[in-house]
1. Exactly one condition in (1) under 11 Å from the mean Cα position of the chain (by Cα); (2) closer than 15 Å to Asn64 by Cβ is not met by Phe83; state its number.
2. If I ask for residues that are modelled with pLDDT under 95 and over 21 Å from Glu55 (Cβ atoms), which ones from the range 74-87 would you list?
3. May I ask you to say which residue of Ile71, Ile24, Ile41 is modelled with pLDDT of 95 or more, more than 18 Å from Val98 (Cβ to Cβ), open to solvent by less than 70 Å² (accessible area, probe 1.4 Å) and over 11 Å from the mean Cα position of the chain (by Cα)?
4. Which of the residues spanning the range 48-68 are open to solvent by 80 Å² or more (accessible area, probe 1.4 Å) and over 15 Å from Asp125 (Cβ atoms)?
5. Select from the range 7-21 the residues that are under 17 Å from the mean Cα position of the chain (by Cα) and in a loop (DSSP other than H, G, I, E, B) and write down the one among them that is farthest from Asn91 (Cα to Cα).
Amino acid sequence: MLRVPVEIKPSAIHGQGCFATAEIKKGTLVWSFSRIFDHLILEYVRFRGTREEQEKLLERGYANPSYPSDIIMCGDEAQFLNFPVPPEEANIELGGVVDGHDVLVARRDIKAGEELTVPAESDADYERKISQRKS
């Protein structure tokens with residue numbers, strides 16, 4: 001669940017993106033797993049879904065590097081976090097693990113209106129997603 005105020009807008013990076021609506025200071029907790037908002041879909045459950053459901057999970061969810069066969073589907077605007085365009089660095093970074101889930105923190109100060117971007121190492125499915133990204 002995102003722990004900072006954002007809005008969803010068209011992204012120059014990819015489709016829709018999460019944009020800060022207020023300044024976010026370096027080190028601020030940006031995202032952490034919420035047992036209420038976010039859903040851990042285990043591999044055996046994911047494969048019971050229709051092809052369309054599985055594709056949507058892979059598009060909008062992410063694979064936690066600690067258990068890449070399972071998908072986490074964020075229940076809020078975090079579904080629209082994008083990876084930065086190389087060689088730019090993400091403005092969010094991994095900030096440790098809480099209850100078996102990575103948390104994300106601001107890597108630097110983020111200005112209001114700036115798109116939030118996540119690092120490649122936050123999603124075990126990064127390579128597939130980038131290979132399918134439309135310019």
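1. The failed condition is (2).
2. Across the range 74-87, the qualifying residues are Val85, Pro86, Pro87.
3. Numbers: Ile71 fails: modelled with pLDDT of 95 or more; Ile41 fails: modelled with pLDDT of 95 or more.
Only one candidate qualifies: Ile24.
4. Passing the criteria: Arg48, Arg51, Glu52, Glu53.
5. Start the filter on the range 7-21 by keeping residues that are under 17 Å from the mean Cα position of the chain (by Cα), which leaves 7-20.
Now narrow it down to the ones that are in a loop (DSSP other than H, G, I, E, B): 11-15.
Values: Ser11: 15, Ala12: 16, Ile13: 14, His14: 16, Gly15: 18 Å.
Among them, the one singled out is Gly15.
The values are calculated or read from the model by the stated rules, or taken from the named source; none is laboratory data. From a predicted model like this one, the values you see are computed outputs, not experimental measurements. All Cβ positions, glycine included, derive from the backbone under ideal geometry; neighbour counts span all protein chains shown. The area values use the complete protein model at the heavy-atom level, side chains included, leaving out ligands, DNA and RNA. Shrake-Rupley method; radii C 1.70, N 1.55, O 1.52, S 1.80 Å.
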